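Trainee: I have a structure here, written as structure tokens, and I will follow up with some questions on it.
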Amino acid sequence: MPAGNTGCDDDLYEALIAERYGRPMSELLQEQTRRPLPELLKERHRRPAPTPPRRIRMPLAPDPEGAAHYAALEAAIAPRPRRRTA
């Protein structure tokens, strides 16, 4: 690392710690626990993973007007011919 570090990396690291563990790094370092700090930092990995959002299932029956909707969509996004300027 260069000797003239501005501390920007330290600020980003502290923000990352606060985001991951829900507390600022100063609280984690000053906490009086029986567990060592590396084990405390691994605490996040012991928590259950958040459940993913439920997916919205599409109906199994196809849209009876699907072909007309698709044709309207294609017409709307089709490139339009340019007018010639003389």
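Trainee: Looking at L40, L12 in this structure, which one is surrounded by 10 or more Cβ atoms within 10 Å (Cβ to Cβ), modelled with pLDDT under 85 and either within 33 Å of the chain's Cα centre (by Cα) or not polar (S, T, N, Q) (or both)?
Mentor: Numbers: L12 fails: modelled with pLDDT under 85.
Just a single option satisfies the conditions, and that option is L40.
Trainee: Would you check which residues across the stretch 46-86 are open to solvent by less than 100 Å² (accessible area, probe 1.4 Å) and within 30 Å of Y21 (Cβ to Cβ) and list them?
Mentor: Matches in the stretch 46-86: A49 only.
Trainee: Got at least one residue in the stretch 44-64 being at pLDDT 85 or above and either assigned to a helix (DSSP H, G or I) or among the aromatic types (F, W, Y) (or both)?
Mentor: No, that holds for no residue.
Trainee: Among the residues in the stretch 19-26, are any assigned to a helix (DSSP H, G or I), exposed (fewer than 10 other Cβ atoms within 10 Å of the Cβ) and modelled with pLDDT of 70 or more? First the steps, then the outcome.
Mentor: At the first step, the residues of the stretch 19-26 found to be assigned to a helix (DSSP H, G or I) are 19-21, 25-26.
Subsequent filtering for residues that are exposed (fewer than 10 other Cβ atoms within 10 Å of the Cβ) retains 19.
If we keep only those that are modelled with pLDDT of 70 or more too, we end up with 19.
Looking through the stretch 19-26, at least one residue is assigned to a helix (DSSP H, G or I), exposed (fewer than 10 other Cβ atoms within 10 Å of the Cβ) and modelled with pLDDT of 70 or more.
The values are calculated or read from the model by the stated rules, or taken from the named source; none is laboratory data. This one's a predicted model, so the numbers in the text were calculated from it and none came from an experiment. Glycine also receives a Cβ, built like all others from the backbone with ideal geometry; neighbour counts cover every protein chain displayed. Ligands, DNA and RNA are stripped out before the accessible areas are found, and what is left, the full protein with its side chains, is counted by its heavy atoms. Shrake-Rupley method; radii C 1.70, N 1.55, O 1.52, S 1.80 Å.
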